[in-house]
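Take a look at the structure below.
The values are calculated or read from the model by the stated rules, or taken from the named source; none is laboratory data. Please read these numbers as outputs of a predicted model, since none were measured by experiment. Cβ atoms come from the backbone with ideal geometry, glycine included; neighbour counts cover every protein chain shown.
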Amino acid sequence: MGEYIIKRTLQMTVVFFLFLVFSYLLFNAIPGNAFSNLLLNPDLPPDAYNRVLELYGLDKPLFERLQLYIVNFFKGDFGYSYKSFPKTPIELISERLPRTLMLFAIVNIVSFYTGFFIGKILAWRRGSQSETWITLTSVFSYTVFYPWFALMMLWVFGYKLGWLPIGKFLYPEKWYDAPFDSDIVFSSMIKFTIVVSLIQFAAYLATRGIESLSSRRNLRFASLIAIFIGSYFYWNNGAALIKKPYAADIAYHMILPVMVVTIVAFAGTALLTRTTMMEVLKEDYILTARAKGISQKRIRDRHAARTALLPVVTSFIFTIVTIIDGSVLTEQIFSWPGMGQLLLQSVLEEDIPVAMACFSFVGVFALVAHLLADISYSYLDPRIRIKSQG
Amino acid sequence: MSKEVLSVKNLNMHYETLSGDVHAVKDVSFSVKEGESFGLVGESGCGKTSVAMSLLQLQADNAKISSGSIQLDGVELVGMNESELRKVRWDGISIVFQGAMNAWNPVVKVGEQIREAIREHYPEKSKAENTEKIESLFKMVGLDAAVIDRFPHELSGGMKQRAIIALALSCDPKVVIADEPTTALDVVIQDQILNEIKKVQQLLGLSLIYISHDIAVIAEMTDQMAVMYAGSIVEIGPTEKVFSTPKHAYTRLLLESTPSVVGEKKKLRSLDGEPPSLINEIIGCSFSPRCPDPSSDCENPIKEMGLVEIEPGHFADNCCVDCG
Ligand SMILES: Nc1ncnc2c1ncn2[C@@H]1O[C@H](COP(=O)(O)OP(=O)(O)OP(=O)(O)O)[C@@H](O)[C@H]1O
Ligand code: SF4
Ligand SMILES: [Mg+2]
């Protein structure tokens, strides 16, 4: 296993290097540069443009720039943003990234669970009328033209009904006299979410070994209630109490994007789960489980769904990889100031250092996600053993 | 005399299909006594698995039991609801499926799959008790205790089958059904598994229903046997008697088409033709189209089909009794 990971990491480094070179060349193939518009200003002296180019090193030949960029990149120096000069790409990304990750982490978890759950039920109730209707709905949301659908939802919930805000991350007027920055509130929301998930996961692990099924279930339920009570106390005491209204404002702004993306994203998982489940239900070991006297629900959830999970997880990991590039559209529609907007903006403005940093991040993310996918398979399906050679 | 554990009376079961009802089990009656090994023999498609599945009430969705009764220790199984049936399954009747190679869930450890069955029926048992039980079962069927922590794909075919036998015994069932448990194995392993089953059956005094298309295996494994043809039992009785004085022409042909069942060398006779379709109603003797020497009234539709006793405990189809 260790050997496998090292080998894969080396391969990934080579791929990443090529990725960097090609991206850099492609950005430079765009006509003009970030400062071309200076030439259009008649008030500037003609040598101003050349001075600016010199300042940013854009007067050097392409190959030399590329070489410099790559060397500096691996030293951890990504340069400065052309457009928001004193800021570095890292600063810009670290401000935007949490917003995107939070939004899409929630969307992915919610849509994976609902999709998997619905798919499971569909396969189980094969042939019933509810199956037909849910399948039709899923196919609709799977094939719908996403920007149109998102705008329709905005129109209905934001404008017609007025229940939810039309885009943006927060209501600026509420924050005029806020004692802190929105990023501070947001990062404590993220911490809270992470801690809650970890506690839940720990409770799941701790109860795994219990032989009696009913006490296992009860303990897990108790831990869930404990988490609820704990969160209630957390948000109503001390520092968190002051942040509460602001956190609520951000959460309120998250509802619509989460809902819309979930509706579009769950369907793929649901339809795939349905197909694989129906295959698995024909297997002999399902009959064995029935002969053993195991309850239908347990057969469905433990025997059928467990094996059906594999291809679903595969496709799920591929969706995760597309979070950042997928976020371009969503963030544009909902005016969500995240990575997607940063990426789009930097490309349009030819702010190459920022665009390159964004793209490198997407690249690293994709490569690491694939590696993690391969490793997690060997846990999900013991038949797949990662061989260190070959 | 030991008491009857399982008694099946006039069981009729059919599959509803687009081309008509397939009558896979027709008026089948038999009983199994405590500690007895009962054999069910017949060629492929005669309805052996259908009988086994009816006993567990695990028949396919399109299967209907139209009449008859199945009693386990005096408790009627036909018409039981799902939750009552769940209690009977494995604890009352367990089964080693035909082609049991795929009977293991590939992503769950073997030990855990056995544990799951015990946990379902004896939730009060502790983890240590269950482990101990599984280890002793593994020892009995000749498996290493380490197999508990193995995944199914890590075991050879023979080991999987041994583990399946351990699984079938895990809840101390009243009756164990073995539906062609050795089909997918090579000859040497087949023999080992047969010996294993026989040993376990005698050791534990199991009530066993052994299903096979191979009459030689039935001879070796069973005390009582029934011969099935086209969904009906055509001859039933103590295995010895059926072998020494077969009454039905089909039984005789089965015996003659199997090499070296009972010592003396005979010229093998082959069984030509196909069994009849189970969709159409069969009038008279169902075997008559393939029968080597039918008598004139064999196809007589007026004659009622049914088993008659020819010697104590040994029954055969009445038509054939007259002919032979
Ligand atoms: N679900 C089903 N729907 C329709 N017909 C079926 C179904 N299952 C079995 N049959 C038919 O019922 C008949 C009896 O099948 P069964 O599996 O009981 O035979 P078998 O004696 O076990 O044969 P084998 O030795 O091949 O296992 C066959 O003709 C088969 O085609
Ligand atoms: S009843 Fe007649 S036709 Fe049928 S098997 Fe016996 S001898 Fe043959
Ligand atoms: Mg069969």
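Okay, here's what the table says:
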item	result
Qualifying position, being of a type outside the set (A, V, I, L, M, F, W, C), within 24 Å of A:Arg298 (Cβ to Cβ) and away from ligand 2 (no atom under 16 Å from the Cβ), among B:Glu154, B:Glu124	B:Glu124
Qualifying residue in the stretch A:244-253 (condition: surrounded by fewer than 20 Cβ atoms within 10 Å (Cβ to Cβ), more than 14 Å from chain B (Cβ to nearest Cβ) and aromatic (Phe, Trp, Tyr))	yes
Qualifying residue in the stretch A:195-205 (condition: under 30 Å from A:Ala222 (Cβ atoms) and of a type in the set (Ser, Thr, Tyr))	yes
Neighbours by Cβ (under 6 Å, 6+ apart or cross-chain): first from the stretch B:34-61, without any contact (Cβ under 8 Å) to a residue 12 or more places away in the chain; second within 13 Å of ligand 3 (Cβ to nearest atom)	B:Met53/B:Gln59
Residues of the stretch B:1-26 classified as within 15 Å of ligand 1 (Cβ to nearest atom) and of a type in the set (D, E, K, R), total	3
Per-region count, the stretch B:34-69, residues surrounded by 15 or more Cβ atoms within 10 Å (Cβ to Cβ), among the hydrophobic types (A, V, I, L, M, F, W, C) and assigned to a loop (DSSP other than H, G, I, E, B)	2
Identity of the residue in the stretch B:137-168, within 11 Å of another protein chain (Cβ to nearest Cβ) and within 14 Å of B:Ile197 (Cβ to Cβ), that ends up nearest to the chain's Cα centre (by Cα)	B:Ala168
Residue list for the stretch B:176-198, filter: within 14 Å of chain A (Cβ to nearest Cβ) and either within 16 Å of ligand 1 (Cβ to nearest atom) or assigned to a loop (DSSP other than H, G, I, E, B) (or both)	B:Ile177, B:Ala178, B:Asp179, B:Glu180, B:Pro181, B:Thr183, B:Ala184
Among the candidates A:Ala105, A:Ala48, A:Ala29, A:Ala34, residue that is at pLDDT below 85, among the small types (Gly, Ala, Ser) and under 22 Å from A:Val368 (Cα atoms)	A:Ala105
Sole exception among (1) touching a His at 6+ places or on another chain (Cβ under 7 Å); (2) more than 9 Å from ligand 1 (Cβ to nearest atom); (3) closer than 16 Å to B:Ala178 by Cβ for B:Gly42, by number	(2)
Options B:Ser54, B:Ser29: the member that is within 14 Å of another protein chain (Cβ to nearest Cβ) and either in contact with a strand residue (DSSP E or B) (Cβ under 9 Å, 6 or more places away or on another chain) or under 23 Å from B:Ser286 (Cβ atoms) (or both)	B:Ser54
Long-range neighbours under 8 Å by Cβ, at least six apart or interchain, first residue within 14 Å of chain A (Cβ to nearest Cβ) and within 16 Å of ligand 1 (Cβ to nearest atom) within the stretch B:226-255, second aromatic (Phe, Trp, Tyr) and part of a strand (DSSP E or B)	none
Residue identified as under 29 Å from A:Ser182 (Cβ atoms) and among the charged types (D, E, K, R) among A:Asp325, A:Asp374	A:Asp325
Condition met for A:Val354 (within 14 Å of chain B (Cβ to nearest Cβ), in contact (Cβ under 8 Å) with a residue 12 or more places away in the chain, buried (at least 21 other Cβ atoms within 10 Å of the Cβ) and touching a helix residue (DSSP H, G or I) at 6+ places or on another chain (Cβ under 8 Å))	no
Residues located in the stretch B:201-218, provided they are assigned to a helix (DSSP H, G or I) and either surrounded by 20 or more Cβ atoms within 10 Å (Cβ to Cβ) or within 16 Å of ligand 3 (Cβ to nearest atom) (or both)	B:Gln201, B:Ile215, B:Val217, B:Ile218
Check on A:Ser81, outside the structural domain of A:Lys168 (by TED's automatic domain parsing) and either over 22 Å from A:Tyr24 (Cα atoms) or not aliphatic (A, V, I, L, M) (or both)	yes
Selected residue (criterion: surrounded by the most Cβ atoms within 10 Å (Cβ to Cβ)) from residues of the stretch B:119-148 that are acidic (Asp, Glu) and out of contact with any helix residue (DSSP H, G or I) (no Cβ under 6 Å at 6 or more places or on another chain)	B:Glu120
From the options A:Thr137, A:Thr143, residue that is loosely packed, with under 11 Cβ neighbours inside 10 Å, farther than 23 Å from A:Ala251 by Cβ, of a type outside the set (A, V, I, L, M, F, W, C) and assigned by TED's automatic domain parsing to the domain that holds A:Ala239	A:Thr143
Matching residues in the stretch B:70-97 - criterion: being facing chain A (nearest Cβ under 8 Å) and in a loop (DSSP other than H, G, I, E, B)	B:Trp90, B:Asp91, B:Phe97
The stretch A:68-97: number of residues that are assigned to a helix (DSSP H, G or I), touching a Phe, Trp or Tyr at 6+ places or on another chain (Cβ under 8 Å) and buried (at least 19 other Cβ atoms within 10 Å of the Cβ)	3
Residue match in the stretch B:199-212 (condition: out of contact with any Ser or Thr (no Cβ under 7 Å at 6 or more places or on another chain), more than 16 Å from ligand 1 (Cβ to nearest atom) and hydroxyl-bearing (Ser, Thr, Tyr))	yes
In the stretch A:263-303, the residues that are under 28 Å from the mean Cα position of the chain (by Cα) and of a type in the set (Gly, Ala, Ser)	A:Ala265, A:Ala267, A:Gly268, A:Ala270
B:Ala316 vs. criteria surrounded by 17 or more Cβ atoms within 10 Å (Cβ to Cβ), away from ligand 3 (no atom under 16 Å from the Cβ) and at pLDDT below 85	yes
Residues being charged (D, E, K, R), within 14 Å of chain B (Cβ to nearest Cβ) and assigned to a helix (DSSP H, G or I) - total across the stretch A:266-297	4
Members of the stretch B:98-117 that are at the interface with another protein chain (Cβ under 7 Å from one of its Cβ atoms) and among the β-branched types (Val, Ile, Thr)	B:Val107
